[in-house]
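Novice: Input: one structure, supplied below.
Derivation of every value follows stated rules applied to the coordinates shown; laboratory data play no part. Small disclaimer: the values here were computed from a predicted structure and weren't measured. We place every Cβ from the backbone using ideal geometry, glycine too, and count neighbours over all the protein chains shown.
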Amino acid sequence: MELAGFMLLVAGWAIVAAAAALLKTVPLETAFTVAGLATEVVGLVLVIRAHRGTQAARG
Amino acid sequence: MSMNPMALCFLFSLLVPLAGAGIALINAGLGRSRSAAHAMLASLSVIAVAALAYFVCGFAWQGFAGLPAHTLTVAGKTWNWLAAEPFFLRGLALDGSPASLAVWLGMLSAGLAALIPLGSGADRWRLGASCASAALLAGFVYPLFAHWVWGGGWLGQLGVNNQLGGGFLDAGGSGSIQAVGGLTALCIAWILGPRRGKYGPDGTPAAIPGHNAVLVLFGCLAALVGWLGLNCAGSILYYGVEPGRMVLVAINTTLGAGAAALASAAVTRTRFGKPDASLCANGWVGGLAAGSAGCAFVVPVVAVLTGAAAGILVVFAVEWIELHLSVDDPGGAVAVHAAGGIWGVIAVGLFGGGPGQLVAQLAGLATLLGCILPLTYGVNRVLDRFYRQRVAVEGERRGMDLFELGAGAYPEFMTHTEDFTQR
């Protein structure tokens, strides 16, 4: 789950970077930037959930 | 004000080490008494290592606008992704030019970013490991993001290439210094795990209060002076803000910190019946962290709003991170620097320009979460594989001072090593 979360984080950033590089209009860039951030939020939730289980067990 | 901007920038940069001193005092005060000397020595060591790492390769990768860089051309746009300066500052004239001042300010900023994770790793992070981690941060992770924002890189150029406002704006380093340091602090807390006895078998956290509120609160005052220097120097050097506008930067910085501390005091007074000193201190620094990005671009009312929101955010973030993320962060570094810094980055987009500016700030935020967080987690995880970062169980039981340094910070005081161990 941790690895999947980090991969989603990177994928979200790739969407944002690709939008900045390839798109020419601000509305499209906005849409893809928001989509990339949403992907990152999902990834962050996965990473947090993976670590929460580990931390509680270690504590 | 008719001073030479670069001379003024140099003078402001001289104040920046006080920000480091403030963070070091806060980290030491919020940790246990049996680790206080270790916390301060770790702060000194981390600044020293960060300065050397930045000298060796950090500036070579951060660079400065107008200096050689590696670029890509995609869809007719030029993307500047990494500086191409020689290592060891070879060939760079250290003569008061903007590039030479960028070396000096970058060295201090890298040290400041490297200090932040010490707050989350307090009481259990080995001295050698914290130095090694600081070298990775100051030599690679920080310069990479700083190049993208301040070194002529693609985030700073979003305004020119994509008509997104003025590009990613971050005058004093809410994103480049605070969020980078704060996200690294989160990774360190994940890798180290919580202190012994912090979480019970059912996951309920135990309160382990800091040992010296005076150190913490004095650290806040020292940090304000350092932040004034940092925000003013960054505004002049990276954004060409006129010296006359330094008054605005100083006023915004002070108002942001003040509003944040008062908001934290109000929230804790409402929730707990009395203002909480350590949370107010966290709020103060959170206000400083959040206000850095827009200090030169917003009016004072916006600085107050940004600071007040940061003060409220930090109080709830500290609790949420401890209770719901199960992350043991004794110094509140993640809430203060990561959450505060990220809020500051977003606030510039909300209040400092049109929709294009907000998109540029969100692109920077996406880069912090999607590139810098995995990168800093990965390098620290690899480091942990080769050089264990967490101290041995015996070290935590005896305290970091005695275990790693052989002497305590307060030798005349009786210490009770099992005070916070769950029985």
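Novice: Using the Kirkwood radius built from alpha carbon pairs, what does the Stokes-Einstein equation give as D for chain B at 25 °C and 0.890 mPa s, in µm² per second?
Specialist: D, rounded to a whole number, is 116 µm²/s.
Novice: Tell me which of B:380, B:331, B:37 sits at the most positive position along the dipole axis of chain B, charges placed on C-beta atoms (Lys, Arg +1; Asp, Glu -1).
Specialist: B:380
Novice: Can you give me the angle between helix A:2-22 and the longest principal axis of chain A, using Cα atoms only, in degrees from 0 to 90, rounded to the nearest 10?
Specialist: Roughly 10 degrees between the two axes.
Novice: What residue among B:124, B:34, B:271 shows peak mean-square fluctuation when chain B is described by a Gaussian network model with Cα springs under 10 Å?
Specialist: Maximum fluctuation in the GNM of chain B, among the listed residues, is at B:271.
Novice: Arrange B:16, B:302 by Cβ neighbour counts within 10 Å, fewest through most, would you?
Specialist: Least to most surrounded, the residues fall as B:302, B:16.
Novice: Return a whole-number percent for the relative contact order of the stretch A:2-58, with Cα pairs under 8 Å and 6 or more residues apart as the contact set.
Specialist: Across the stretch A:2-58, relative contact order equals 51 percent.
Novice: Grab the beta carbon distance between residue A:18 and residue A:52, set R0 = 30 Å, and tell me the FRET efficiency rounded to 0.05.
Specialist: 0.45
Novice: Still on this model: Over chain B, with a Gaussian network built from C-alpha contacts below 10 Å, which listed residue (B:413, B:87, B:55) shows the highest mean-square fluctuation?
Specialist: The residue that fluctuates most here is B:413.
Novice: Per residue of A:6-16, what is the mean number of Cβ atoms on other protein chains within 10 angstrom of that residue's Cβ?
Specialist: 5
Novice: Placing +1 at every Lys and Arg Cβ and -1 at every Asp and Glu Cβ, with all other atoms neutral, what dipole size does the protein assembly as shown have around its Cα centre, in debye to the nearest 20?
Specialist: Here the size comes out at about 480 debye.
Novice: Based on other C-beta atoms within 10 Å, arrange B:299, A:16 from fewest to most.
Specialist: Ranking B:299, A:16 by Cβ neighbours within 10 Å, fewest first, gives B:299, A:16.
Novice: Kindly express, to the nearest 10 degrees and within the range 0 to 90, the angle between helix B:180-192's C-alpha long axis and the longest C-alpha principal axis of chain B.
Specialist: With both axes taken from Cα atoms, the answer is about 30 degrees.
Novice: Using all alpha carbons of the protein assembly as shown, what is the percent of pairwise distances in each 10 Å bin, ordered from the shortest bin to the longest?
Specialist: In order of increasing distance, the bins hold 5, 22, 33, 27, 11, 3, 0 percent.
Novice: Note the direction-averaged projected area, equal to a quarter of the hull surface, for the Cα convex hull of the stretch A:2-58, in nm².
Specialist: 3.6 nm²
Novice: A further question on this structure: Cross-link partners among lysines for residue B:198, C-alpha distance below 27 Å, same-chain residues fewer than 8 apart left out?
Specialist: B:274
Novice: Between helix B:340-351 and chain B, what is the angle of the helix's C-alpha long axis to the longest principal axis, kept within 0 to 90° and rounded to the nearest 10?
Specialist: That works out to roughly 40 degrees.
Novice: Using a Gaussian network model of chain B whose springs link C-alpha atoms within less than 10 Å, name the residue from B:276, B:170, B:329 with the highest mean-square fluctuation.
Specialist: Between B:276, B:170, B:329, it is B:276 that shows the largest mean-square fluctuation.
Novice: At 222 nm, what helix-only mean residue ellipticity would chain B give, in deg cm²/dmol to the nearest 500, using -39500 (n - 2.57) for each DSSP H run of four or more?
Specialist: After summing the helix terms and dividing by the residues of chain B, the value is -18500 deg cm²/dmol.
Novice: Go through the stretch B:5-16 residue by residue and turn each phi into a ³J(HN,Hα) via Karplus (6.51, -1.76, 1.60, θ = phi - 60°); whole Hz please, and just put x for glycine and proline.
Specialist: Calculated HN-Hα couplings, in order: x, 6, 5, 5, 4, 4, 4, 5, 4, 5, 7, 4 Hz.
Novice: Separation of the stretch B:118-195 and the stretch B:269-287 by C-alpha centroid, Å?
Specialist: Going from one Cα centre to the other spans 26 Å.
Novice: Using only alpha carbon pairs under 8 Å that are at least six residues apart, calculate the relative contact order of chain B and give it in whole percent.
Specialist: That works out to 24 percent.
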